[in-house]
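What follows is one structure encoded as structure tokens, with my remarks underneath.
Here, each number is a calculation from the coordinates, and none is a lab measurement. Owing to the predicted nature of the structure, the values given are computational and were not obtained by experimental measurement. No Cβ is skipped: glycine too gets one built from the backbone with ideal geometry, and neighbour counts run over all protein chains shown.
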Amino acid sequence: MSHLCGRSTFARAAGVLLLAGFAGIWTAPDLHAQTDSNGTLTLEEKQQYQDCIKLAQLKPEDGFESAIAWRDMGGGEPARHCVAVALISLGKYEEAATRLDALAKDSTAEPGVVAGMLAQAGQAWMMANNLEFAWRDQSRALELVPNNPQLWVDRAMALGLAGQYWDAIDDLNKALDLQPDQADVLIYRASAWRMLESYDLAMTDIDNALNLEPGNVQALFERGKLYRIAGKNDLARRDWLNVIENSNGTPVADAAKANIEKMDVHTGSN
């Protein structure tokens, strides 16, 4: 899909919502389920894998060195995966994605585990701003595990950031069919509807998300944008102030502050 070549205005207008979905997504595929020539991993190997992933996330430089040493000593797929996790934590997204692609290609693990590797590679490619490769890996993951709602959400993010809003909505619809009542997915879909100027549909999704999670700051932020578009500045301000009060210091709170300042400038110039 060659048209997924870069970020559109969606990244600026809705990216704070989509990228918020990446917080904490670097979860490890369950390599504990894999088998090798000796059978399943031993309890000691499982513990070593868990310790390696933890170190890679908390102290990535130390984690990288530890994972490389473990790999060179025959640590196999878990060690190789731990190397990639450390690279992600170090912000070396392209190198991490490349290693994860190779790991998925070589893996002898079950399809669900390989799909997890591809999904994580796709996330890393997104962080590296390579939406084409992200879409490719996410599609491969979905071929292996089409009934995983999070994989549909992941690909929808890549599509949305590339400006392919209708395709993103199709993927989000599939995610909601598989697992209804996901507030975050409703918010992502509302953001896509807004970019398509389908404001009533966007507000319906936001209302449903807030019914599920009344204090969801991402939903409040998005509703503020919809109120601002509708010229309901007081309601937009109320939602954005609520976001700031309940999540000060976060990217979405910073975005809410910026939106209030921008609204005030425009209002003052009238």
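Observations, loosely collected:
- Working value for segment 24-145: equivalent-ellipsoid semi-axes of 21, 18, 11 Å, each the square root of 5 times a Cα gyration tensor eigenvalue, largest first.
- Exposure proxy order (Cβ contacts within 10 Å, fewest to most) of 157, 73: 73, 157
- Karplus-derived HN-Hα couplings along segment 148-155 (A = 6.51, B = -1.76, C = 1.60, θ = phi - 60°), whole Hz, x at Gly and Pro: 9, x, 5, 5, 5, 5, 4, 5
- Interatomic Cα distance distribution for segment 136-270, bins of 5 angstrom, percent: 2, 11, 18, 19, 19, 14, 9, 4, 2, 1, 0, 0
- Basic side chains Lys and Arg get +1 at the Cβ, acidic Asp and Glu get -1 at the Cβ, and with that the dipole of segment 24-145 about its Cα centre reaches some 200 debye.
- Residue (of 78, 118, 43) at the positive-pole extreme of segment 24-145, dipole from beta-carbon charges: 118
- Separation between Cα centres of segment 195-270 and segment 88-166, rounded to whole Å: 30 Å
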